[in-house]
Amino acid sequence: MNPTSSTALPGSSLDAARRRRELDRLAEGADGTDGVVDVLVVGLGATGAGVALDAATRGLDVVAVDAHDLAFGTSRWSSKLIHGGLRYLASGQLDVAHESAVERGILMERTAPHLVRAQPFVLPLTPLVSRGQAALARSGFLAGDLLRVSARTSRRTLPGPRTLSAVETRHLAPALRATGLRGGLLSWDGQLSDDARLVTAIARTAAAHGARVLTRTRALELHGDGALLRDETTGQELRVRARAVINAAGVWAGGLVDDVRLRPSRGTHLVLRSEALGSLSAGLHIPIPGETNRFVLVLPQGDGRVYVGLTDEPVDGDIPDVPDVPETDIGFLLDVLGSALDAGLRRSDVVGAFAGLRPLLDTRDAGGRTADISRKHAVLTSPDGVVTVVGGKLTTYRRMAQDAVDAAVAGRGLTAGPCRTASVPLVGAARPQVLAGLDVPSRLLRRYGTEAAAVHALGLADPALAEPVVPGHPVTGAELLWAVRHEGALDTADLLDRRTRIGLVPEDRAVAEEAARAALADAPGITGPSRH
């Protein structure tokens, strides 16, 4: 990759025409040797896209499908954080903690430094935090810094933790209640510009390495030697033969392979306008009363919005396409905020909310709390050879993908090279000093990296495209157009709910619909329903 390129990485562009061509060739049996592909991947969240990239960079012939869109499921409903594993260290999951720290360093320093930046967090020492709890938290942050050292992540990438005075704490987070505030604890972690953008970058990088990335393509049946697929835009069914099949469908994985049992957990976030919390220079860890190692996170996004989360509640029954947010979750999060903030937040201040379902493996030994289930991922192989990867979390998607491809290569006797993804930069990746040399708005650099210049050029060529599509929100028409031409967006939901996150606030989404339809008109032949 040329780190100073201002155009799309060759072969990485996804659009409706490419999707149609590749589906047609697949239906005709024109791809693969003797009409058989090496690896069929089901699911295009972070893990599935990561599997496609891993397999393609090993020299394997890859088809990756999703019934909906890139990042349609759990991957887009995260806290937008790349965790260093501190929580898992505190619960004794040392292997998970170390793995998280290693993967955080890979993303921040090698594969996606444009998408992940260091984010400061303040844990306020309020009257509800005892001195013993404060000492325990301080020890935890120091241990987290040792994780950074063990993962060989530079201090320049992630500064060290320290204690703050009450004045410093209020300077970083003026919304905190001053009464009884003893100070704060400052720590650092990785923050994504956006989780759905990470998935899009992974999928496009896989496409650049030869993978066929096919959204709106549902797996109706999975077998060890292939699958029955259906093009959701036309209803056409096709049977694909594959030497290896990897099920990375997240919370839907159990519906494709019978012996996979999951215990989904709902994580809810609120969306607030930034002005509701005043000027926040850092995120916040607000302790949950009665819990020793759980916090509500306050996460400023830099786009006029703040996310507040998250819950950890078991979910029973059928898995919905888009999880609902119960009022009990909203009330819980507002109550925890009220324990530390002066701002009198009301239900009307919540302008949006979202929930994701964690695909946790049902171990039957965690009692009634999904919060106690290990976040370690698992790779399972069914009797007929389908490899399923479940559990884990966004931060460790790359390692999950590596383990799944390793299992498929070994189990199916494939000829493949070693895993390379720890050193393969994603689309747009470049060192910060390289990006700093581009004459482009910093917000675009944080979302598009080296491609920011090309996105910015669309607005220079047509000033109307340089304007925000929603007053008070920074996304421009040029970004919508880029998503249609290069990022595989096929309808307004793809544009507003995943390529951008305008849709997290329903009021903003309604305003942006017209601009989204205008961008889609640039690509004749796009069909299909608009689904959130």
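Taking only alpha carbon atoms, region 384-453 gives an Rg to Rh ratio of 1.17, where Rh is the Kirkwood radius. Rounded, prolate or oblate: which fits region 237-321, taking a ≥ b ≥ c as square roots of the Cα gyration tensor eigenvalues, rounded meaning a/c under 1.5, else prolate when a/b beats b/c? Note, shape of region 237-321 comes out prolate.
Model label points for Ala166 and Leu220, set 7 angstrom from Cα along the Cα-to-Cβ axis, are 6.8 nm apart. Per-residue Karplus couplings for region 444-459, computed as 6.51 cos²θ - 1.76 cosθ + 1.60 with θ equal to phi - 60°, are listed in order as 5, 4, 6, 9, 10, x, 5, 7, 4, 5, 5, 5, 4, 5, 4, x Hz, Gly and Pro entered as x. Pairwise alpha-carbon distances in region 432-520 exceed 15 Å for 55% of all pairs.
The distance from the alpha carbon centre of region 81-114 to that of region 436-494 is 30 Å, rounded to a whole number. Residue order for Val405, Val213, fewest other beta carbons within 10 angstrom first, comes to Val213, Val405.
Each Lys and Arg Cβ is given +1 and each Asp and Glu Cβ -1; about its Cα centre, region 432-520 then shows a dipole of about 260 debye.
Volume of the convex hull of the chain (Cα atoms only), normalised per residue: 138 Å³. Loop sites by DSSP among the GluC sites (Glu not before Pro) of the chain, restricted to those with at most 11 other Cβ atoms within 10 angstrom, leave 29-290 as the longest stretch without any of them.
Here is how the number arises for the chain: DSSP H runs of 4 or more residues each give -39500 (n - 2.57), the sum is divided by the residue count, and the result at 222 nm is -9000 deg cm²/dmol.
Bear in mind that the values in this text are calculations on the coordinates, not laboratory data. From a predicted model like this one, the values you see are computed outputs, not experimental measurements. Neighbour counts run over all protein chains shown; Cβ positions are idealised from the backbone, glycine included.
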